[in-house]
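Trainee: Below is one structure. I have some questions about it.
The values are calculated or read from the model by the stated rules, or taken from the named source; none is laboratory data. What you are looking at is a predicted structure, and each value in this text was computed from that prediction instead of being measured. Note that we place each Cβ from the backbone using ideal geometry, even for glycine, and neighbour counts take in every protein chain shown.
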Amino acid sequence: MGPPGSSTSEQAKQVCEKYNLVHVQVLQVLKDVIRKQSDSKEAQRLAMRIQNHQPIDDEIVIDLVRDRLDRPDCRINGWILEGCPLSVQ
């Protein structure tokens, strides 16, 4: 929908509202994992990387996003994905 700073979040929200889609934000997916699994080593590593503005492996992000998109709300209503990929690769 556009590069960073071009109001992609606002555009995504509007499209989701208009078409009853789920707005999936990668950073929020990561934060949800950290909150739900706060005792796990993986969640602690993710939290540290986000806090220190360090890159997160694409494989980790893709797996977590895949899990999120497989939930019933996304499977039934469809979705818009924002913030993926996180890396420049």
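Trainee: Name every residue in the range 64-89 that is of a type outside the set (A, V, I, L, M, F, W, C), surrounded by 11 or more Cβ atoms within 10 Å (Cβ to Cβ) and at pLDDT below 95, in order of residue number.
Mentor: Step one: of the range 64-89, the residues of a type outside the set (A, V, I, L, M, F, W, C) are 66-68, 70-73, 75, 77-78, 82-83, 85, 87, 89.
Of the ones still in play, those that are also surrounded by 11 or more Cβ atoms within 10 Å (Cβ to Cβ) are 67-68, 71, 73, 75, 77-78, 82-83, 85.
Listed by number, the residues that qualify are 82, 83, 85.
Trainee: Another one. List every residue pair whose Cβ atoms lie under 9 Å apart, where the two residues are 6 or more positions apart in sequence or sit on different chains, the first residue falls within the range 56-68 and is without any contact (Cβ under 8 Å) to a residue 60 or more places away in the chain and outside any helix (DSSP H, G or I), and the second residue, located anywhere, is of a type outside the set (Asp, Glu) and surrounded by fewer than 11 Cβ atoms within 10 Å (Cβ to Cβ).
Mentor: 56/87; 57/87
Trainee: Please pick out the residue among 33, 61, 15, 24 that is modelled with pLDDT of 95 or more and β-branched (Val, Ile, Thr). Show your work before the answer.
Mentor: On the way: 33 fails: modelled with pLDDT of 95 or more; 61 fails: modelled with pLDDT of 95 or more; 15 fails: modelled with pLDDT of 95 or more.
Within the list 33, 61, 15, 24, the selection yields 24.
Trainee: Are any residues in the range 1-55 touching a residue at least 40 places away in the same chain (Cβ under 8 Å) and in a helix (DSSP H, G or I), and if so, which ones?
Mentor: Matches in the range 1-55: 8, 9, 12, 15, 16, 19, 26, 27.
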